[in-house]
1. Give me the angle, in degrees from 0 to 90, between the Cα long axis of helix 134-143 and the longest principal axis of the Cα atoms of the chain, rounded to the nearest 10.
2. Tell me which residues come under 5 Å, amide H to amide H, from Val213 once H is placed; ignore anything under 5 positions away on its chain.
3. What distance in nm lies between label points placed 7 Å from Cα along the C-beta direction at Glu85 and Arg22?
4. Tell me which lysines have Cα within less than 18 Å of Lys61's Cα, excluding those fewer than 8 residues away on the same chain?
5. How far, in nm, would the chain grow between Ala78 and Asp44 when pulled straight, counting 0.36 nm per residue and subtracting the alpha carbon separation?
6. Could you calculate the FRET efficiency of Glu156 with Ala32 from 1/(1 + (r/R0)^6), where r is the beta carbon distance between them and R0 is 41 Å, rounded to 0.05?
7. Per residue, what accessible area does the stretch 19-271 have, given a 1.4 Å probe and all protein chains present, in Å²?
8. Just the Kirkwood number for the stretch 64-137, please: inverse of mean 1/r across all distinct Cα pairs, in Å, one decimal.
Amino acid sequence: MDTSAPRPLDRPADGTPASRARALTKVYGSGASAVRALDGVDVDFATGAFTAIMGPSGSGKSTLMHLMAGLDDATSGAVHLGQTEITSLNDDALTRLRRDRVGFVFQSFNLLPMLTAEQNIVLPLDLAGRKPDKAWFDTLVATLGLQQRLTHRPSELSGGQQQRVAIARALITQPEVVFADEPTGNLDSRSGAEVLSFLRRSVRELGRTIIMVTHDPTAAAYADRVLLLADGRIAGDIADPTPESVLAGLEGLRVLEAPAGTPTGATPVVQAPAGGLR
Ligand SMILES: Nc1ncnc2c1ncn2[C@@H]1O[C@H](COP(=O)(O)OP(=O)(O)OP(=O)(O)O)[C@@H](O)[C@H]1O
Ligand SMILES: [Mg+2]
């Protein structure tokens, strides 16, 4: 039993956000081909909250998550994880922070095919030389309904089961923040609903903090809050979202984007033809 791991319901007493960005800017490339993927983003993500990030394709959602999680460098601005300013950490410290303090869930599961579900789940602890907390492992496996699947390899699991294994793996280290980039993007609606219900429960009942990118207003409505991004900037912030309020927010973005020739700074904007791109 690893007694050094934080208990699930630990929260900072002083209300420090789990994650925050200040004047966060990311420019890919340089010169004429430079793309300003994030343009001065200021945002706080509350501890113990489930936040969804939405916005058009190319609006900077994945870039924001990657910078908040220490997976990529900012061009300027600051990112804090709890009290730690991660934009100033060296590579070794960043590697440790990613390993010990954040979890990731991707659209494409990213499980190792030769390992069983159980081995995939505990892999981050193995890599860190830590033993799983048996009670926490059992809680995750039971809550995610994986008891009967632990000896199966990913190829023997459905998409929804694989994604639940990936979520258990992201949570096994009890990270301060879990970043999920379109975690239901490859799932049918029933598996997607199961995964979203679990993410919400892990926030409400297990005290986790989750930040999730999604394109689906119904998925976003599982969250406590929806942040809208457009052209690398915060374009909206919806509390206690419903599918209807999220759709209305997204419609509002379309209205903002509509006028042709709108100045957009350094960000190249592909204007959707009438009827949209998809
Ligand atoms: N590694 C990269 N090199 C160059 N440009 C990049 C890179 N990654 C992203 N971009 C550009 O930055 C902008 C934001 O990309 P990002 O992936 O954050 O968008 P997104 O909102 O996640 O889109 P999607 O909904 O399609 O996943 C886009 O214009 C994209 O082309
Ligand atoms: Mg993306």
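1. For helix 134-143, the angle is close to 60 degrees.
2. Correct list: Ile53, Ala180, Asp181, Glu182.
3. 0.7
4. Lys26
5. Roughly 11.1 nm would be gained on extension.
6. Efficiency, rounded to the nearest 0.05: 0.25.
7. 45
8. 14.1
The values are calculated or read from the model by the stated rules, or taken from the named source; none is laboratory data. Everything numeric in this text was worked out from a predicted model, so none of it was measured. Note that each Cβ is placed from the backbone with ideal geometry, even for glycine, and that neighbours are counted across all protein chains shown. The area values use the complete protein model at the heavy-atom level, side chains included, leaving out ligands, DNA and RNA. Shrake-Rupley method; radii C 1.70, N 1.55, O 1.52, S 1.80 Å.
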